[in-house]
Amino acid sequence: MTSPTSGSSTASSSHTRMFERAVLVHYHEIGLKGRNRAKFERMLLDNIAASLTDIPEARVEKISSRLLVRFDVSERVFDIAEIDRITERVAMQPGVAYAAPVFISSKIEHDMNAAALLALREAGAGDSFRIEARRSNTSHPISSLDMNIAIGQHVVDETGLAVNLGKPEITVWIEVVQGESYIFSRKFPGSGGLPVGSGGKVISLLSSGIDSPVASWRLLKRGAVVVGLHFSGRPQTDDRSEHNVAQIGEVLQRYGGVGRIYFVPFGDLQREISLMCPPDLRVLLYRRLMIRVAEVVAKREGALALVTGESLGQVASQTLENIRAVDDAATLPILRPLIGMDKVEIIRDAERIGTFEISIQDHTDCCTLFMPRRPSTRASIKEVVDGEAELDMERMISDAIESMTWRDYACPAYRKPKG
């Protein structure tokens, strides 16, 4: 079999038909929201529309528990590669279960047969198939089973392919919704979760390593708007980590959930801690100061929680005792979406979302600056409070905030702080 190169293709030896192309969007979790469902649908619709602002022909609309991206075109025809790129972009938006490039047909059997053949050919080579049809309501006089049989027989007659209802090489889905039929053979898996903007705003302590970008992605998948906060080792180190984090922001921007990333040169403050505090507590005291700075940023941004990429026991600072000692410095909730994940699972997610190759680039992690030989793994709250007693904490927080710069990213749900 061969794939067509545009929305027009010969569907049979005696009939040529031009079908409208579109992207059909299915969601899952939003459908469970009861009386609030319309609000979540509207957020997802707006986010998808914002992700397609560079495609003036694209128009997003709601149709019976689904969304549809139509293309207002008269002369121009979207080829398969272009439709696939659009479908992939739509599928990345949190809240989407899957997106599918569809042929829009009438409910007339002749048209549905022709569109089913086009969809089949678009799937590529295969020796067996099945038709999986369903109606959104019973107003369509032909049952789903009868559509499967009739359209399946037409495909057999036209192509000679074998029907395999158990494990077909190609499945052609047909959804009869209101006055139209949507016919497709390929699904692009979505991010799942909830639309960005439905879960409030969080401050994510974003390093250039593997873990924290994944933690940020997991929060934006739950509907949160993520504001990143990166502590670099400058001026005690170079600024490579800042460049890496800026690139990570560009990747996460594709998911529509990162509004801004703040950059704090933290090296001199770390040096001050290393000179004045017990060596085995340095890393924990760095993190306690980071938490305090993050809470100032959270107040400016109106964020309601902090996010870190910690995984239980992964490094010395991530034992339960040390996590508790760091949490003592916070007044906001600290969310740790990776806490029960191992490194293999985290790397798998980083590769999936596209941050892994950036995170393994050379950089200097600020937390490794002035690293003690034997960091404490079981620090008590009293120990860390006593350990930072000589520090001028208010002045250090102020220095961090005054030295801070930021970069904004495209996020339709992000609202910049006033002033």
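Checked against a 21 Å cut-off, the cross-linked pairs 167/187; 39/201; 39/418; 201/418; 221/418 give Cα-Cα distances beyond that limit for 39/418; 221/418.
Taking the DSSP bridge list for the chain and keeping only pairs wholly inside it, about 55 percent are antiparallel.
According to the square roots a ≥ b ≥ c of the eigenvalues of the Cα gyration tensor, what is the shape class of the range 317-419, taking rounded for a/c under 1.5, prolate for a/b larger than b/c otherwise, and oblate for the remainder? Oblate is the answer for the range 317-419, as a/c is 1.5 or above yet b/c matches or exceeds a/b. Taking 0.36 nm per residue of separation and subtracting the Cα-Cα distance, full extension of the segment from residue 239 to residue 82 would add 52.8 nm. Taking Lys and Arg as +1 and Asp and Glu as -1, the other residues whose beta-carbon sits under 9 Å from that of residue 67 total 0. What shape does the range 60-107 have by the C-alpha gyration tensor, where a ≥ b ≥ c are the square roots of the eigenvalues, rounded means a/c under 1.5, and otherwise prolate means a/b greater than b/c and oblate the rest? Oblate shape, in that a/c is at least 1.5 and b/c is the bigger or equal ratio. With a Förster radius of 35 Å applied to the beta-carbon distance between residue 35 and residue 55, the computed FRET efficiency rounds to 0.60. Cα centroid separation, the range 24-58 to the range 184-209: 13 Å. For the range 102-201, the residue among 176, 141, 120 whose Cα projects farthest onto the positive side of the dipole built from Cβ charges is 176.
Under the convention that each Lys and Arg Cβ holds +1 and each Asp and Glu Cβ holds -1, the size of the dipole of the range 16-189 around its Cα centre is about 780 debye.
Whole-Hz Karplus values for the range 103-108 come out as 9, 9, 10, 6, 8, 6 Hz, taken residue by residue from phi with 6.51 cos²θ - 1.76 cosθ + 1.60 and θ = phi - 60°; glycine and proline positions read x.
Normalised by residue count, the chain yields a Cα convex hull volume of 162 Å³ per residue.
Rounded, prolate or oblate: which fits the range 16-189, taking a ≥ b ≥ c as square roots of the Cα gyration tensor eigenvalues, rounded meaning a/c under 1.5, else prolate when a/b beats b/c? In terms of gyration-tensor shape, prolate. Taking the alpha carbon gyration tensor of the range 201-408, multiplying each eigenvalue by 5 and rooting it gives semi-axes of 25, 18, 17 Å, largest first. For the chain, adding -39500 (n - 2.57) for each run of n ≥ 4 DSSP H residues and dividing by the number of residues yields -11000 deg cm²/dmol at 222 nm.
In a simple Cβ point-charge model (Lys, Arg +1; Asp, Glu -1; nothing else charged), the chain has a dipole of about 1060 debye relative to its Cα centre.
Highest-first packing order for the peptide set 190-202, 240-252 is 190-202, 240-252, based on the mean count of other beta carbon atoms within 10 Å.
Arranged from fewest to most other beta-carbon atoms within 10 Å of their beta carbon, 377, 364 become 377, 364. With both labels modelled 7 Å from their Cα along Cα-to-Cβ, the residue 373 to residue 385 distance reads 3.1 nm. Dipole magnitude for the range 201-408: about 580 debye, using +1 per Lys or Arg Cβ and -1 per Asp or Glu Cβ, origin at the Cα centre.
Only the coordinates and a few stated rules stand behind these numbers; no lab work does. Note that the structure is predicted; figures quoted are calculated from it, not measured. Cβ coordinates were reconstructed from backbone atoms using ideal geometry, including for glycine residues, and neighbour counts include every protein chain displayed.
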